[in-house]
Amino acid sequence: SGHLYQRATTEASQATLASVSPVFAVMKLDKEGNTTYFEKKKTELYQELGLQARDLRFQHLMSIATRNNRIIVRMEFLKAVITPEFLLILDYRNLNLEHWVFNELTSQLAGEGQLVTYSLPFEFRAIEAILQYWISKLQGRLNTLQPQILETLEALVDPKLLSVDRTKLHILLQNGKSLSELETDLKVFKETILEILDEEELIEELCLSKWTDPQVFEKSTSGIDHAEEMELLLENYYRQAEDLANEARELRVLIDDSESIIFINLDSHRNVMMRLNLQLTMGTFSLSLFGLIGVAFGMNLESSLEEDPRIFWLVTGIMFLGSGLIWRRLLSFLGRHLEPPLPPHVPAVLKKSQPAAGRVEIKSNLKAETFGLSRSTLANQ
């Protein structure tokens, strides 16, 4: 009776676990391009594929791993399982993913696309199609961000602007955040591919047909072992990701350089306003100093000077003349202390390095002219 009770409890627990098991919407594509759609619980799916439950635990990460002659691909929302005979796309009901699956993936697996691995086993085609989709998606994100960032920087980096448009800065901040996310995705993609390339055993495990039909992997038509073909395939997409990362890095450098130019422009205008304020302050001080004479004559005290009709013009002239002389004196004092110091004397030995410095200066000027900032404007600032 105890044995029957334990067996009934086990069956009840299994039934309970099966009832809460997640259900995958699966698309199955075979070598001929035939497509099948079905829904299956996670417990049934991993048992049918000979996998374990943790193999179908798709976190929001990126990885390409092998298990029991199956390739498990995790690329954020893209979840796939590759076998030597078919490809499974799990939870394909995503707008962008669904468009790719119906319009491109089916024809690519059937041999009607632009893949270079049609002469190789099926897993090569599946891996290349997935990597090509992910690279094209990253390329599309970069193509969307690049013109927006360049347009915003061109509007911000203008020496005539006395202030910065907050709307443009908000747009640049959002684009900079999107660029950082793109750089992170590219970095993770490169690390995932590089992790496989650094291990020869992992490359061998990706060649699934090697374990089911070893004769297939003798030699390819080009005389290269198919494991080397897999390595070349991964290196190709690693190089494409590296090129995209370099373009994103150049955009990041442009944003940093533009930020420095914006600060230079604002500092220049702020210095002009500060100098104008200082000049007005000195003028006010000069007038106030000689205005004391007018204050003295404005007192209700009698003297013999108020009887002379020419004394008013004499005192007024002395006040304005003295104020003007003091103001000019203060301006000359200010000019002497604000003049930039003379450049240091360059020894004759260092004059040979001037052409290289000239090339650096020309390169910097070309970068500045990209955003409409000429060399003369920088010199004036």
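Taking the Cα centre of the range 238-297 as origin and assigning +1 to Lys and Arg Cβ atoms and -1 to Asp and Glu Cβ atoms, the resulting dipole is close to 480 debye. For the residue pairs K137/K168; K28/K210; K28/K79; K137/K187, the alpha carbons lie more than 19 Å apart in K137/K168; K28/K210. Note on surface exposure: E199, E98, E32 rank E32, E199, E98 by accessible area, highest first, 1.4 Å probe.
For the set H269, H226, H99, the ranking by accessible area, highest first and with no ligand, DNA or RNA atoms included, is H99, H269, H226 under a 1.4 Å probe. Over the range 23-267, Cα pairs under 8 Å with separation of 6+ residues give a relative contact order of 18 percent. Rg over Rh for the range 23-267 works out to 1.08, using Cα positions for both radii and the Kirkwood form for Rh. For the peptides 102-113, 36-47, the ranking by mean Cβ contacts within 10 Å, running from highest to lowest, is 102-113, 36-47. Each of N69 and L280 was given a label point 7 Å from its Cα along the Cα-to-Cβ line. The distance between the two points is 8.6 nm. Placing dummy labels 7 Å off each Cα toward the beta-carbon, the span from L202 to D30 is 3.3 nm.
Maximal additional length on extending the L325-N143 stretch stands at 59.2 nm, based on 0.36 nm per residue less the C-alpha distance.
For W134, W313, the ranking by accessible surface with the largest value first comes to W313, W134, using a 1.4 Å probe.
The values are calculated or read from the model by the stated rules, or taken from the named source; none is laboratory data. Source: prediction; values computed, not measured. Cβ coordinates were reconstructed from backbone atoms using ideal geometry, including for glycine residues, and neighbour counts include every protein chain displayed. The accessibility values were calculated without ligands, DNA or RNA, using every heavy atom of the protein model including side chains. Shrake-Rupley method; radii C 1.70, N 1.55, O 1.52, S 1.80 Å.
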